[in-house]
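The values are calculated or read from the model by the stated rules, or taken from the named source; none is laboratory data. If you're wondering where the values come from, they're calculated on a predicted model, not measured in any experiment. Counting neighbours? That spans all protein chains shown, and the Cβs are built from the backbone with ideal geometry, glycine included.
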Amino acid sequence: MRASSQDGSCLVGRLAVTPDLWNKGIGRSLMEEIESRCPDACRLELFVGSKSDKNIRLYEKLGYRTFKSEPVGEDVELLYMEKRLGCDP
């Protein structure tokens, strides 16, 4: 997992859990840890493929909402998701 700060946002990327460890809460724990390490961010942002249903559900449960989509293939989009932390308008 990676994250970087940019203009008051924490950009989250490269979250990966090996398939044999799925459904054990690791993804949720990683996201919570990243959020705790971005205390000055007003929002967190990530992107996910539109066909990654499990990942999208996890991010939505954690409070992320899609704010933009971008086509990357015939039937696939990148969904850009954010979680606002209440310190900006």
Looking at (1) surrounded by fewer than 16 Cβ atoms within 10 Å (Cβ to Cβ); (2) among the charged types (D, E, K, R); (3) out of contact with any helix residue (DSSP H, G or I) (no Cβ under 9 Å at 6 or more places or on another chain), which is the one condition that is false for Glu82? (1)
Going through the stretch 1-59 in order, the residues found to be among the aliphatic types (A, V, I, L, M), more than 22 Å from Val72 (Cβ to Cβ) and out of contact with any Leu (no Cβ under 9 Å at 6 or more places or on another chain) are Leu21, Ile26
Scope the stretch 35-48; condition assigned to a loop (DSSP other than H, G, I, E, B), within 25 Å of Gly25 (Cα to Cα) and at pLDDT below 90; matching residues: Arg37, Cys38, Pro39
Do any residues in the stretch 8-31 that are farther than 16 Å from Lys54 by Cβ and part of a loop (DSSP other than H, G, I, E, B) have Cβ atoms under 9 Å from those of residues that are acidic (Asp, Glu) and modelled with pLDDT under 90, where the two are at least six apart or on different chains, and which pairs are they? Gly8/Asp40; Gly8/Asp88
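Quick one: which residue in Lys83, Lys68, Lys51 is in contact (Cβ under 8 Å) with a residue 24 or more places away in the chain, in a strand (DSSP E or B) and not hydroxyl-bearing (Ser, Thr, Tyr)? First the steps, then the outcome.
Working: Lys68 fails: in contact (Cβ under 8 Å) with a residue 24 or more places away in the chain; Lys51 fails: in a strand (DSSP E or B).
Within the list Lys83, Lys68, Lys51, the selection yields Lys83.
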Among the candidates Arg43, Arg2, Arg28, single out the residue that is within 14 Å of the chain's Cα centre (by Cα), under 14 Å from Met81 (Cα atoms) and basic (Lys, Arg). Arg43
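Provide a single number: the residues in the stretch 61-75 that are out of contact with any Leu (no Cβ under 6 Å at 6 or more places or on another chain) and surrounded by 13 or more Cβ atoms within 10 Å (Cβ to Cβ). Show your work before the answer.
Restricting attention to the stretch 61-75, the residues satisfying the condition of being out of contact with any Leu (no Cβ under 6 Å at 6 or more places or on another chain) are 61-65, 67-68, 71, 73-75.
Add one more test, that the residue is surrounded by 13 or more Cβ atoms within 10 Å (Cβ to Cβ), and what stays is 62-64.
Number of matching residues: 3.
With the condition kept exactly as written, say whether any residue in the stretch 39-47 is basic (Lys, Arg) and surrounded by fewer than 12 Cβ atoms within 10 Å (Cβ to Cβ).
In the first step, residues of the stretch 39-47 are kept if they are basic (Lys, Arg); the result is 43.
Narrowing further to those that are surrounded by fewer than 12 Cβ atoms within 10 Å (Cβ to Cβ): none.
Checked against the condition, which is being basic (Lys, Arg) and surrounded by fewer than 12 Cβ atoms within 10 Å (Cβ to Cβ), the stretch 39-47 yields no hits at all.
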